[in-house]
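A.B. asks: Input: one structure, supplied below.
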Amino acid sequence: YQMEVEERFLHERAAGLASNPCMQCQGKLCFEPLVSAADKMGIHWIATGHGAQLMQGSESGKIHLYQAMDPSVDESELLSTLSQDVLKRLILPLGTLNQ
């Protein structure tokens, strides 16, 4: 955590960049280990309570990330750094709810 998030955050801030450590943390430290654990248990789909929507491109097959229908619960920016390998495994049912 210190190498991947804290030191990178401090370096970017010192360089005058706007850095969001939560976005850096999501892929490497949260979702990649979660996918790895799911693989070991033979689980393909991973459902989370994140507020965002996923849609698969009809021609490319690429997964696209969109804002939640309810802007007050939107977390799409937080998930924007996730790889296609992670996105294609996610189910985000809360993203389509309108509170």
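A.B. asks: Can you pull out the residues in the range 63-89 that are touching a residue at least 12 places away in the same chain (Cβ under 8 Å), loosely packed, with under 14 Cβ neighbours inside 10 Å and in contact with a Gly (Cβ under 7 Å, 6 or more places away or on another chain)?
C.D. replies: Across the range 63-89, the qualifying residue is only Ser83.
A.B. asks: Give the number of residues within the range 4-49 that are at pLDDT 85 or above and outside any helix (DSSP H, G or I).
C.D. replies: 9
A.B. asks: Right, something else. If you take the residues in the range 61-99 that are β-branched (Val, Ile, Thr) and over 10 Å from the mean Cα position of the chain (by Cα), which one is farthest from His44 (Cα to Cα)?
C.D. replies: Step one: of the range 61-99, the residues β-branched (Val, Ile, Thr) are 63, 73, 81, 86, 91, 96.
Applying the additional criterion that residues be over 10 Å from the mean Cα position of the chain (by Cα) yields 63, 73, 91, 96.
Working: Ile63: 16, Val73: 26, Ile91: 10, Thr96: 21 Å.
Among those that are β-branched (Val, Ile, Thr) and over 10 Å from the mean Cα position of the chain (by Cα), it is Val73.
A.B. asks: Within the range 50-60, take every residue that is outside any strand (DSSP E or B) and closer than 11 Å to Gly95 by Cβ and give me the one that is nearest to the chain's Cα centre (by Cα).
C.D. replies: The initial filter retains those residues of the range 50-60 that are outside any strand (DSSP E or B), namely 50-51, 57-60.
With closer than 11 Å to Gly95 by Cβ added as a condition, the list becomes 50-51.
Details: His50: 9, Gly51: 10 Å.
Selected residue: His50.
A.B. asks: Taking Leu65, is it in contact with a Ser or Thr (Cβ under 6 Å, 6 or more places away or on another chain) and assigned to a strand (DSSP E or B)?
C.D. replies: So Leu65 passes the test.
The values are calculated or read from the model by the stated rules, or taken from the named source; none is laboratory data. Small disclaimer: the values here were computed from a predicted structure and weren't measured. Counting neighbours? That spans all protein chains shown, and the Cβs are built from the backbone with ideal geometry, glycine included.
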